[in-house]
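Participant: What follows is a structure written as structure tokens; I'll ask about it next.
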Amino acid sequence: MYHVSRNILLGLAVFIFGSTLALADMGSSVGPVPQPAGTTAQPGQGTAAPMMPVQPAQGPHVGHKELHHFASAIVAIRPIDKKVRQEMSTKKMTVAQHHQMLVKYGTQIKHVLVQNHLTPVKYEMLLKKAQTDPAFAQRTEAVMKSMG
């Protein structure tokens, strides 16, 4: 039973850690990252199709309260994410140390989500919505700015 719960915790930590890293990679903006000017591909050049949908995602509406929980979670997770990135880039770690770090920070992130009444699945869904729906991303940014 110990091994099963440990594996579930590790999976959760990796999932949440990956989600927060993806969010952090977007910089301070929650919305989609614009493409640099002059990088449009001509037909037949062998360039892959863009990953962003042409139209915003029309997922379920996110209410005011849930939006505040999501924005609050993002604000609280950013320093954790920054610390993880810093530790990973400055320290040489064994696989066991890396695992311990992921579990430690995964637990902290899970605690932030619980405090904000979000599940990891709901948080991931809202992250994806922020990445694909510019209006939702703007709403989230506005709430985050109002938090200070």
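Participant: Given the criterion at pLDDT below 95 and touching a helix residue (DSSP H, G or I) at 6+ places or on another chain (Cβ under 7 Å), identify the matching residue among 43, 56. It would help to see each step written out before you state the result.
Facilitator: Numbers: 43 fails: touching a helix residue (DSSP H, G or I) at 6+ places or on another chain (Cβ under 7 Å).
Answer to the check: 56.
Participant: Within the range 89-106, which residues are open to solvent by 70 Å² or more (accessible area, probe 1.4 Å) and in a helix (DSSP H, G or I)? Spell out the reasoning first.
Facilitator: Keep residues of the range 89-106 that are open to solvent by 70 Å² or more (accessible area, probe 1.4 Å), which gives 89-92, 94-95, 97, 100, 104.
Correct list: 89, 90, 95, 97, 100, 104.
Participant: Specify which of the listed residues (113, 118) is open to solvent by less than 70 Å² (accessible area, probe 1.4 Å), in a helix (DSSP H, G or I), modelled with pLDDT of 95 or more and on the phi < 0 side of the Ramachandran plot.
Facilitator: None of the others qualify; the one that does is 113.
Participant: Let me ask something else. Is it the case that some residue within the range 129-148 is over 17 Å from the mean Cα position of the chain (by Cα) and within 16 Å of residue 63 (Cα to Cα)? So that I can check it myself, show each step before the final result.
Facilitator: Within the range 129-148, the subset over 17 Å from the mean Cα position of the chain (by Cα) is 135, 142, 145-148.
Checking the rest, the ones that are also within 16 Å of residue 63 (Cα to Cα) come to 135, 142.
So far as the range 129-148 goes, yes, one or more of its residues are over 17 Å from the mean Cα position of the chain (by Cα) and within 16 Å of residue 63 (Cα to Cα).
Rundown of residues vs (1) under 16 Å from residue 78 (Cα atoms); (2) open to solvent by less than 30 Å² (accessible area, probe 1.4 Å), yes/no style:
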site: 108; (1), (2): yes, no
site: 130; (1), (2): yes, yes
site: 142; (1), (2): no, no
site: 148; (1), (2): yes, no
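The values are calculated or read from the model by the stated rules, or taken from the named source; none is laboratory data. Everything numeric here is computed off the predicted structure, so don't read it as measured data. So basically every Cβ, Gly included, is an ideal-geometry build from the backbone, and we count neighbours across all protein chains shown. For the accessible areas, the whole protein counts, side chains as well, though only heavy atoms, and no ligand, DNA or RNA atoms are used. Shrake-Rupley method; radii C 1.70, N 1.55, O 1.52, S 1.80 Å.
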